[in-house]
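Asker: Sharing a structure with you now.
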Amino acid sequence: MSHSAPDALRIRDMRVRILPDARAVSLAAAEEIEAVIREANAARGRAVLGLATGSTPEGVYARLVERHSAGELSFRDVTTYNLDEYYPISPADPRSYRAYMHRHLLGRVDIAPNRAHLLDGSVPESAVAEYCAAFDRWIESDGGLDLQLLGIGRNGHIGFNEPCGLSVAEASRLRTRRVELHPVTRADAVREFGSAEAVIPAALTLGVATILAARSILILATGAHKAEAVAAALAGPMTAEVPASLLQSVAPRVAWMLDRGAAGALPDAPAAGPPIV
Ligand code: F6R
């Protein structure tokens with residue numbers, strides 16, 4: 001990843017870029033993803049990306065689609081794995097993350113359908129554990145993730161690895177599995193589901209261990225509502241109560257891209273003033 005941007009700092013050995021707004025974060029993240037695709041394609045003839053959903057990466061996908069439509073970027077040699085999916089949910093449900101990915105990226109670029117992997121929210125309960133273990137094995141058999149794209153929850157979650165009382169060592173060993181969603185996550189999901197009662201309270205998620213194994217991790221946060229979680233993850237202690245803080249254990253492979261709002265609670269965040277870039 002680029003080390004020379006004028007807006008780049010290092011916190012706990014993680015690269016951190018603070019950009020003026022969400023649009024700048026989307027453009028910088030899309031540029032980074034494009035660079036990883038090109039480098040991995042040149043080195044190994046293919047790129048393996050771990051992708052996220054939610055509101056944060058929407059602008060990133062819009063930019064990647066724009067680059068594809070302009071004939072500048074191909075996904076022909078790209079394989080993708082998505083982070084998470086509600087459970088249970090039909091893949092055809094418009095609120096599923098499968099539908100989200102199809103709308104925002106997969107249905108709009110030249111990726112081969114059999115190379116876009118999403119956790120299936122319709123797997124029967126009795127098969128979930130084996131299915132999740134198989135998902136981890138597929139990632140490994142594809143050579144691992146060149147880049148894992150992440151957002152961060154207001155409670156510090158990554159994927160749907162929610163705050164929990166495990167030790168750092170235990171939490172860092174968590175693999176892909178079924179989880180119950182945290183109350184903050186359920187409250188935020190009302191946006192997608194329309195009402196608190198309609199929110200699906202469980203999900204399948206890539207595990208912390210699977211995420212930490214990626215060759216590079218790009219985590220995005222925009223908006224002041226993420227500032228506390230960002231500050232805790234970047235500058236607080238490593239703890240399973242703030243799952244994103246576990247990224248500190250692989251710091252040299254982690255890059256954060258924040259807008260000014262999301263950077264607002266960092267200990268030495270630049271105060272309001274002229275854009276840094
Ligand atoms: C989505 C995911 C979540 C989101 C996080 C932030 O696939 O894994 O961890 O990245 O909840 O969501 P937004 O971007 O909607 O604020």
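Asker: Would you be able to say whether some residue in the stretch 198-213 is more than 23 Å from Y86 (Cβ to Cβ) and assigned to a loop (DSSP other than H, G, I, E, B)?
Answerer: Looking only at the stretch 198-213, we keep the residues that are more than 23 Å from Y86 (Cβ to Cβ), and these are 212-213.
Checking the rest, the ones that are also assigned to a loop (DSSP other than H, G, I, E, B) come to 213.
For the stretch 198-213, residues more than 23 Å from Y86 (Cβ to Cβ) and assigned to a loop (DSSP other than H, G, I, E, B): present.
Asker: Continuing with this model, one more query. Look at the stretch 180-195 and say how many of its residues are in contact with a strand residue (DSSP E or B) (Cβ under 7 Å, 6 or more places away or on another chain) and either of a type in the set (S, T, N, Q) or within 11 Å of the ligand (Cβ to nearest atom) (or both).
Answerer: Residues of the stretch 180-195 in contact with a strand residue (DSSP E or B) (Cβ under 7 Å, 6 or more places away or on another chain): 180-181.
Narrowing the set further to residues that are either of a type in the set (S, T, N, Q) or within 11 Å of the ligand (Cβ to nearest atom) (or both) leaves 181.
Total meeting the criteria: 1.
Asker: Then there's this: Would you say D136 is modelled with pLDDT of 95 or more, buried (at least 19 other Cβ atoms within 10 Å of the Cβ), within 27 Å of A209 (Cα to Cα) and of a type in the set (D, E)? Spell out how you get there, then give the answer.
Answerer: Numbers: modelled with pLDDT of 95 or more: yes; buried (at least 19 other Cβ atoms within 10 Å of the Cβ): no; within 27 Å of A209 (Cα to Cα): yes; of a type in the set (D, E): yes.
In short, no.
Asker: Which ranges mark the strands (runs of 3 or more DSSP E) fully within the stretch 75-163 that have 1 or more residues being touching a helix residue (DSSP H, G or I) at 6+ places or on another chain (Cβ under 9 Å), within 15 Å of the ligand (Cβ to nearest atom) and of a type in the set (S, T, Y)? Even if it seems obvious, please write down each step before you answer.
Answerer: On the way: elements: 78-82, 84-86, 147-150.
By residue number, 78-82, 84-86.
Asker: Within the stretch 94-138, how many residues turn out to be over 17 Å from F160 (Cα atoms), out of contact with any Ser or Thr (no Cβ under 9 Å at 6 or more places or on another chain) and acidic (D, E)?
Answerer: 2
Asker: So T185 passes all but one of these: (1) in contact with a His (Cβ under 7 Å, 6 or more places away or on another chain); (2) assigned to a helix (DSSP H, G or I); (3) surrounded by fewer than 19 Cβ atoms within 10 Å (Cβ to Cβ). Which condition number does it fail?
Answerer: (3)
The values are calculated or read from the model by the stated rules, or taken from the named source; none is laboratory data. No experiment lies behind these values; they were computed from the predicted model shown. Note: ideal-geometry Cβ built from the backbone for every residue, glycine included; neighbour counts use all protein chains shown.
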